[in-house]
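The values are calculated or read from the model by the stated rules, or taken from the named source; none is laboratory data. Here the structure is a predicted model, which means the values were calculated and not measured. Here the Cβ positions follow ideal geometry from the backbone for every residue, glycine too, while neighbour counts run over all protein chains shown. SASA here: full protein model, heavy atoms, side chains in, ligands and nucleic acids out. Shrake-Rupley method; radii C 1.70, N 1.55, O 1.52, S 1.80 Å.
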Protein chains: 2
Amino acid sequence: MDVKTKARYEVRAKIVKALAHPTRLFIVDQLSNHKRRVNELTDMIGADGSTVSKHLSVLRNAGIVKDEKIGASVYYELTTPCVLNFFGCIEGVLKSNAELHLAATEHFEIQEIK
Amino acid sequence: MDVKTKARYEVRAKIVKALAHPTRLFIVDQLSNHKRRVNELTDMIGADGSTVSKHLSVLRNAGIVKDEKIGASVYYELTTPCVLNFFGCIEGVLKSNAELHLAATEHFEIQEIK
DNA sequence: TGTAGATATGGCAATATAGCCAAATAACCA
DNA sequence: TGGTTATTTGGCTATATTGCCATATCTACA
């Protein structure tokens, strides 16, 4: 893999990596409809404020969310609704996994009966 | 976030995490058209065979690829073409990042001229 | 059977990530 | 100004991930 190709995949991996955490997926999901204050997100998540703040900065560095300061609060919103497509993609994989698992289970049962 | 919701996001994060590496994105891309032998992938990637094998097992554990042994070789293929949608999603974020960056640059230049 | 080729696994060191606490910064208001 | 709230940052430890080497496993085939 040449240097240029490698760089290409690294840029893309950075974005995927930013989404690769349950809390950050939750945040993206919550931002799909409304802007939210850090505070609101912290309450929903139930983690330390500093932890949530760091997750938000990972998302911001990847360009997935942007922030806007209003008064003492900081509001976060999705940079582009595109990311929501990720959820559809994930569901697709989950669905196919479920089907495979079901098939495997059925196969196992048939073997048991034999 | 209650236990059930948390579990829900953890399952999804596991799949995203499996894709969150440049080499693994490359592999998925390569598998989008053909099945490939481990050997072929190793040659294309230019890493140690054991390294590639471990990346493949990460993808397999997440249900993203499946393997089939034919003779002495193991062929890998995508479990579902769904994952290819990920690339479209990523490009969407990259595009929006590029636009933001452009806008930020323009804004900076205007300020400089003032 | 023995040897070669293809793949997977165990183990290890380097590095990255996560989450908490404490402290810094910023905005608001009495 | 001083206190209060909202958010971020620094620092630390625990844990996870990566990638290489050496080694094991499996298949083919001489």
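In the protein assembly as shown, helical runs assigned H by DSSP with n ≥ 4 each contribute -39500 (n - 2.57); averaged across all residues and rounded to the nearest 500, the mean residue ellipticity at 222 nm is -22000 deg cm²/dmol.
Accessible area, 1.4 Å probe, largest first: how do A:TYR75, A:TYR9 sort?
Numbers: A:TYR75 65, A:TYR9 15 Å².
The most accessible residue leads, giving A:TYR75, A:TYR9.
Just tell me how shielded B:6-18 is by partners: mean number of partner chain Cβ atoms within 10 Å of each residue's Cβ, no decimals. Please report the intermediate quantities before stating the final value.
On the way: counts 5, 1, 4, 8, 4, 4, 12, 9, 5, 9, 13, 6, 3.
Per residue, the average neighbour count from other chains is 6.
Once all protein chains are placed together, A:LYS66 keeps about 80 Å² accessible to a 1.4 angstrom probe. Rounded to the nearest 10 degrees, the angle from helix B:3-19 to the longest Cα principal axis of chain B is 80 degrees. Which distances in nm, rounded to one decimal and ordered from shortest, link the label point of A:LYS14 to the equivalent label points in the other identical copies, with labels set 7 Å from Cα toward Cβ? Copy-to-copy label distances for A:LYS14: 3.0 nm.
Take the alpha carbon gyration tensor of the protein assembly as shown, find the square roots of its eigenvalues, order them as a ≥ b ≥ c, and report rounded if a/c is under 1.5; if not, report prolate when a/b exceeds b/c, else oblate.
On the way: a/c = 2.80, a/b = 1.49, b/c = 1.88.
Here the protein assembly as shown falls in the oblate category.
A simple rule links phi to the HN-Hα coupling: the Karplus curve 6.51 cos²θ - 1.76 cosθ + 1.60 with θ = phi - 60°, which for the range B:79-95 gives 6, 9, x, 3, 4, 4, 4, 4, 4, x, 4, 4, 4, x, 5, 4, 5 Hz, with x for Gly and Pro.
Taking the Cα centre of the range A:1-79 as reference, the dipole from Cβ charges on Lys and Arg (+1) and Asp and Glu (-1) amounts to some 400 debye. Taking a point 7 Å out from the Cα of B:ASN61 in the direction of its Cβ, the residues of the range B:3-35 whose backbone N falls within less than 19 Å of it are B:7-28.
So if I take the alpha carbon set of the range B:1-79, get Rg, then get Rh from the Kirkwood formula, what is the Rg over Rh ratio?
Working: Rg = 14.2 Å, Rh = 13.3 Å.
Result for the range B:1-79 is an Rg/Rh of 1.07.
About its Cα centre, what dipole magnitude does the protein assembly as shown give when the only charges are +1 on Lys and Arg Cβ and -1 on Asp and Glu Cβ, stated in debye to the nearest 20? Mind dumping the intermediate values first?
On the way: 32 positive and 28 negative charges, 54 e Å.
With only Lys, Arg, Asp and Glu charged at Cβ, the dipole is about 260 debye.
Relative to the longest principal axis of the Cα atoms of chain B, helix B:49-61 runs at roughly 80 degrees. Placing B:HIS55, B:HIS101 in order of accessible area, with the largest value first and a 1.4 Å probe, yields B:HIS101, B:HIS55.
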